[in-house]
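The values are calculated or read from the model by the stated rules, or taken from the named source; none is laboratory data. In this text the structure is predicted, and so the values were computed from the model without any measurement. Here the Cβ positions follow ideal geometry from the backbone for every residue, glycine too, while neighbour counts run over all protein chains shown. Ligands, DNA and RNA are stripped out before the accessible areas are found, and what is left, the full protein with its side chains, is counted by its heavy atoms. Shrake-Rupley method; radii C 1.70, N 1.55, O 1.52, S 1.80 Å.
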Amino acid sequence: MLIRCPHCNNSFEATAAGKAGIVCPSCKETVPPDAAPGAVQAQGNTILLKEGSSLEGTTWIERPDDVEFKLPYKQKVYLDIIDGTKKGTVFEFLSGRVVIGRTDGDLIIDDINISKKHAVVETWSRDTYFIRDLASTNGTYINGQRVTSTKIKNGDIITVGNTKLKFRVVDL
């Protein structure tokens, strides 16, 4: 399957993507899973492959929880709480990985329908951000659609519990 790297525009053959994607042989950057349509991502480390897909020749990348995610140069990232108990609050990312939760995490929201550790937003590269549900009880929604892990973009609305947040990226 032909994949185009969003970082360097190099095209290369790949057969499946892991939890965090695959490595571009040209620029060595991680290509997110949504750029590799031969694989369907499931929760955790389990990957379901479409019929006819193969793992041969694929470089797998796992993003452990202790990896340091960095914010892109000359870019600020925010979560604006637009509905819920902290409506009007603006949360600025201080690192490239932010955990949203009721009692544990970087952004604490007092909402009984939010799990202790509900979701995490990760910066993979400039303009590549992912949100992952952390096995929450009530789920994580992007623009009204329940997700387990998906790429997000500027302006997307994240719903956790009874709280709505607007994901915002500002180039400086």
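With all protein chains kept in place, the per residue accessible area of segment 63-172 amounts to 52 square angstrom at a probe of 1.4 angstrom.
Please compute the net charge surrounding Asn162, taking Lys and Arg as +1 and Asp and Glu as -1 over other residues with Cβ under 13 Å from its Cβ. Walk me through the numbers on the way to the answer.
Numbers: positive: Lys86, Lys87, Arg102, Lys164; negative: Asp83, Asp110, Asp111.
Taking every other residue near Asn162 into account, the sum is +1.
For segment 105-114, putting each phi into the Karplus relation 6.51 cos²θ - 1.76 cosθ + 1.60 with θ = phi - 60° gives couplings of x, 8, 10, 9, 10, 7, 9, 4, 8, 9 Hz, in residue order, rounded to whole numbers and with x for Gly and Pro.
For segment 121-172, the list of trypsin sites (Lys or Arg not before Pro) that fall in a loop by DSSP and count at most 16 other C-beta atoms within 10 angstrom reads Arg126, Lys153.
The stretch between Asn113 and Lys153, if pulled fully straight at 0.36 nm per residue, gains 12.0 nm over its current Cα-Cα span.
Extending 7 Å from the Cα toward the beta-carbon at both Asn143 and Asp127 defines two label points whose distance is 1.7 nm. Applying a DSSP loop filter and a limit of 12 other Cβ atoms within 10 Å to the chymotrypsin sites (Phe, Trp or Tyr not before Pro) in segment 64-158 leaves Tyr73.
Legend: distances between Cα atoms for Lys86/Lys116; Lys28/Lys166; Lys70/Lys166; pairs beyond 22 Å are Lys28/Lys166.
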